[in-house]
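Encoded as structure tokens, the structure appears first; notes follow it.
The numbers here are math on the coordinates, done by the rules we state, and not lab data. As the structure is a computational prediction, the values presented were derived from the model and not from experiment. With ideal geometry, Cβ positions are generated from the backbone for all residues, glycine too; neighbour counts draw on all protein chains shown.
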Amino acid sequence: MVNIADQVFFCWQAILRHRFRSIMVLLAISIGVASVVVLTALGEGARQYVLGEFAFLGKDILVVLPGKKETTGGLPPIMGEAPRDLTLDDTHNLGRRLSSIDQLAPLIVGSAEVSYDARAREVMVLGTTEAFVSLRSLRLASGRNIKTDDFRRDSNECLIGETVKDELLGSISATGIKLRIGDYRCRIVGVLAGRGDAMGMNLSDAIIISVASAEKLFDTPGIFRLLVSVKPGFDIDSVKQRIIEVMTDLHQGEEDITVISPDAMLATFDDIFVVLTLGVAAIAGISLLVAGVLIMNVMLINVSQRTEEIGLLKALGASADDVQRLFLLESIITVAVGTGVGWLSGWLLVTVGRELIPNVPFQTPPWATLIAIAVALLTGLVFSWLPAKRASELQPVTALQKHK
Amino acid sequence: MMIELRDVCKTFYLGESSVQALNHVNLTINAGEYLSVMGPSGSGKSTLLNMLGLLDRPDSGYYGLSDTDTNQLTDNQRAAMRSEYIGFVFQAYHLVPRLTARENIELPMMLAGISNGERHRLSSQAMQRLGIEDRAHHLPNQLSGGQRQRVALARAIVRRPSILLADEPTGNLDSHSGIEVMELIEELNRDGITLLMVTHDAVLGARAPRRIKMLDGTVDEDIIDREVELST
Ligand SMILES: Nc1ncnc2c1ncn2[C@@H]1O[C@H](COP(=O)(O)OP(=O)(O)O)[C@@H](O)[C@H]1O
Ligand SMILES: [Mg+2]
């Protein structure tokens, strides 16, 4: 019977003095585990990113856009018959006629040079109403929201994103400062927190002004989008229907708008979600397979070397049980360390990735981590311990001669 | 410890063909004897020695060690017997490459669960006896062939076995270090250990008072010097 201290020491020496062998095993296992952790984090991050793009659209928000979307796939409007504009008056009338509508946020989007003192910067200008901030669940880093009691009237209040603030104003307090956007002048009342981005808009690099001012600034009669929130208790699909009816009525009987509900939007992307989820699972499966094969190969390379040593230990009086204990401990140590290193480096890579690309929420799904660790431990143990166990059951001379 | 083989057979199968490595071997060896085993390559010398060392099981026949029928023993009991009574020296040394000379010598004692202090004492003694005490911390690949075989010999005798089995122990050595290792082994026999040595070298083989010649898996010749027989 080998005593415990000797057993540990013997294994430790085997690991340390067979440095190349140990490092290969460790590498195989760590690479396997790390690749599962990283790849599934990428897949899951992409999935969450796409999901997040729609998350800002609450369940009770409708998006109205000008132009009729031809679901039948008809010809585009013939020359001169461009879709009729959706105007601020339309928006106003819609709000007045439908009591089921809670808030309205018409949007006009453009880009313009914004300047303060001698500094100027090209930024995205978003004309909208005060409702925009709550509809998009935006937070303010300082100051307050703009006031647009009657959104058809000019206002000189504006909100700026954090990047705009940093680059134009530096460290001075933003509130009260007047900016120039072309001929238009506005006064900063608040600063937006974070990026608040979705659907490709990075609001930290934007400035929000009243929609009426934006209409003048960009000299456009129509709005780009209209966000509508529905009062609690109203059925969103019937409100959608009512909006189409009212707008058709306002546009002299012509149905020339499209209303998108969050359900419809998500349904469009349903296929993508399924593909992305399957993709994550496939990636995990493939990387596990690669990890398993990698670990298996490295372990099998060692078998003949180990078998000879096992034969010798038995010739020197070790029992099969002694030998199995010695090699089980060695397997457990290398496999456990390899798994730990792999998990840790995978986690580090994922964390770095999150820092580098903050809008994609890279995260390894817990099930992937668990399965990766389980598979690594299992393949590692099976392919290092099983051959050792088998060799320990051979007649000593057979094991001794195995390397030839 | 008396060794008794009766009608021991061993056949190896390699694919279609088979080799009868031991063919009804009968042999009785008394405690303290010194035998050399000679014979052409492939005649079954190593197989015989492995059988005697409990490194392999015969297909049929009886192998008794001091009246214990070794075929009746479990693998674990056979391991215990190897640990207690048998020392082995191989032509290819079979040292563990990652272990120092001292660690290699202490290996059988570690496997037997002997305490550190006792291990150190006994391994120092064995190294001193074989003149390798200054090589204690060398790894096998830092030693010459003769030194490696001394380490292997020290490992084989460190637990004071009753039987020492040496399979061409000088086969990889030049004649000078071969003679040196031989003298060390013979000295152990003078201390009472039973010694079986396989050799190709007729001069070395002739030094033994009892000489066996193997041929095609059988004991072809078994010559005992009379005066030695009388003196024991
Ligand atoms: N493990 C084995 N598998 C197959 N054949 C073997 C094995 N060991 C020995 N043999 C065969 O048995 C015969 C006797 O071998 P061995 O005892 O090693 O001979 P010697 O030591 O006298 O040269 C040889 O023909 C050899 O090829
Ligand atoms: Mg041989």
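Quick notes
- Centroid-to-centroid separation of segment A:38-52 and segment B:94-162 [C-alpha atoms, Å]: 59 Å
- The angle separating the long axis of helix A:366-392 from the principal Cα axis of greatest extent in chain A is about 10 degrees.
- Summary of packing: across the peptides A:345-357, B:170-182, A:378-390, the per-residue average of other C-beta atoms within 10 Å ranks them, highest first, as A:378-390, B:170-182, A:345-357.
- Taken about its Cα centre, chain A carries a charge dipole of roughly 1620 debye when the Cβ of each Lys and Arg holds +1 and the Cβ of each Asp and Glu holds -1.
- Scaled to the globular estimate 2.2 N^0.38 Å, the Cα spread of segment A:296-404, given as radius of gyration, is 1.45.
- Of A:Ile371, A:Met247, A:Ala131, farthest towards positive along the dipole that unit charges on Lys, Arg, Asp, Glu beta carbons give the protein assembly as shown: A:Ala131
- Sequence-distant contacts, meaning Cα pairs under 8 Å at least 6 residues apart, place the relative contact order of chain A at 29 percent.
- Peptide B:101-112, shielding by other chains (average Cβ, 10 Å cutoff): 4
- Computed from Cα atoms alone, the Kirkwood hydrodynamic radius reported for segment A:61-260 is 17.7 Å.
- Rounded to the nearest 20 debye, the dipole magnitude of chain B is 720 debye, with +1 charges on Lys and Arg beta carbons, -1 on Asp and Glu beta carbons, and the Cα centre as origin.
- Per chain A, cysteines lacking a partner by the 4.7 Å Cβ criterion: A:Cys11
- Distance from segment B:1-51 to segment A:286-318 (C-alpha centre basis), Å: 32 Å
- Peptide A:316-327 has a mean of 6 when you count, residue by residue, the C-beta atoms of other protein chains within 10 Å of its C-beta.
- Working from Cα pairs under 8 Å separated by at least six residues, relative contact order for chain B is 30 percent.
- When the listed pairs A:Lys402/B:Lys213; A:Lys389/B:Lys45; A:Lys402/B:Lys10 are checked against a 26 Å cut-off, the alpha-carbon distance exceeds it for A:Lys402/B:Lys213; A:Lys389/B:Lys45.
- Estimated 222 nm signal from helices in the protein assembly as shown, with DSSP H stretches of n ≥ 4 weighted -39500 (n - 2.57), rounded to 500: -16000 deg cm²/dmol
- Per the Debye formula on identical point scatterers at the alpha carbon atoms of chain B, with no solvent, log10 I(q)/I(0) at q = 0.07 Å⁻¹ is -0.22.
- Across A:Lys68/A:Lys231; A:Lys68/A:Lys165; A:Lys216/A:Lys240; A:Lys165/A:Lys240, pairs whose alpha-carbon gap is larger than 32 Å: A:Lys68/A:Lys165; A:Lys165/A:Lys240
- Neighbouring Cβ atoms from other chains, within 10 Å of the Cβ of residues in B:80-88, number 3 on average.
- Per residue Cα convex hull volume in Å³ - calculated over chain A: 229 Å³
- Derived scalar couplings ³J(HN,Hα) [segment A:157-167; Karplus, 6.51 cos²θ - 1.76 cosθ + 1.60; whole Hz; x for Gly, Pro]: 8, 8, 10, 10, x, 5, 5, 4, 4, 4, 7
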